[in-house]
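S.K.: Mind looking over this structure? Questions follow.
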Amino acid sequence: MTGLLAAVLLLAGMGVSHAVVRIADDRGGRIGTYVDRYQGLRSSGETVIIDGLCASACTIVLGAVPHSRICVTSHANLGFHAAWDFGANGRAITNPEATQMLYSMYPASIRRWIASRGGLTPRMIFLRGKALQAMFRPCYLDAQASANRSR
């Protein structure tokens with residue numbers, strides 16, 4: 001019964017006919033690839049469930065998809081760092097322009113959180129747990145998963 005209730009709550013929070021995209025283990029990649037992917041996701045009306053790692057360029061989803069269509073589970077973990085390119089010798093070098101563009105895509109609450117930790121630098125910083133759950137609505141996958149395990 002609890003599993004059914006969790007499923008109903010999950011579906012009720014999504015809207016009438018919207019599909020769901022689950023992010024669980026995304027370490028990021030090229031910024032342009034993610035901008036393109038999330039523009040399509042934004043226009044699709046799909047709900048985004050962050051249920052694990054979403055790092056680097058993956059975090060662009062926070063600015064590309066409306067806040068009301070993003071939810072987080074207790075497993076959600078966001079990783080932020082400065083944008084970089086390969087230098088002439090093949091080493092990673094920070095790209096200040098791309099870093100500023102990335103930073104400007106984030107919602108104000110995320111920018112404040114990043115700024116309070118020294119900004120976007122080559123070092124990865126992680127937003128998770130209660131701090132993350134205070135910024136986004138919860139997903140009801142946790143309740144559904146618990147109910148399924150207890151059967």
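S.K.: Condition test on residue 79, is it closer than 21 Å to residue 33 by Cα, touching a strand residue (DSSP E or B) at 6+ places or on another chain (Cβ under 7 Å) and buried (at least 16 other Cβ atoms within 10 Å of the Cβ)?
M.R.: Details: closer than 21 Å to residue 33 by Cα: yes; touching a strand residue (DSSP E or B) at 6+ places or on another chain (Cβ under 7 Å): yes; buried (at least 16 other Cβ atoms within 10 Å of the Cβ): yes.
Yes: the conditions hold for residue 79.
S.K.: So which strands (runs of 3 or more DSSP E) stay within segment 1-89 end to end and still have 1 or more residues that are at pLDDT 95 or above?
M.R.: Working: elements: 20-26, 47-55, 70-72, 77-80, 84-86.
Filter on segment 1-89 gives 20-26, 47-55, 70-72, 77-80.
S.K.: Can you confirm whether segment 99-107 contains a residue that is crowded, with 21+ Cβ neighbours inside 10 Å and not small (Gly, Ala, Ser)?
M.R.: To start, the set of residues in segment 99-107 that are crowded, with 21+ Cβ neighbours inside 10 Å comprises 102.
Adding the requirement that they be not small (Gly, Ala, Ser) leaves 102.
Yes, some residue in segment 99-107 is crowded, with 21+ Cβ neighbours inside 10 Å and not small (Gly, Ala, Ser).
S.K.: Pairs only if they're at least six apart or on different chains, beta carbon under 8 angstrom, first in segment 91-108 and at negative phi and touching a residue at least 24 places away in the same chain (Cβ under 8 Å), second assigned to a strand (DSSP E or B) and exposed (fewer than 13 other Cβ atoms within 10 Å of the Cβ); list them, first residue then second.
M.R.: As it stands, the answer is 92/85; 92/86; 98/85, since those pairs meet every condition given.
S.K.: Then there's this: Looking only at segment 115-141, which residues are aliphatic (A, V, I, L, M), surrounded by fewer than 18 Cβ atoms within 10 Å (Cβ to Cβ), outside any loop (DSSP other than H, G, I, E, B) and touching a residue at least 12 places away in the same chain (Cβ under 8 Å)?
M.R.: Answer for segment 115-141, where residues must be aliphatic (A, V, I, L, M), surrounded by fewer than 18 Cβ atoms within 10 Å (Cβ to Cβ), outside any loop (DSSP other than H, G, I, E, B) and touching a residue at least 12 places away in the same chain (Cβ under 8 Å): 125, 131.
The values are calculated or read from the model by the stated rules, or taken from the named source; none is laboratory data. Predicted, not measured: the structure shown is a model, and the values here were computed from it. A quick note on method: Cβ atoms are made from the backbone with ideal geometry, for glycine too, and the neighbour counts reach across all protein chains shown.
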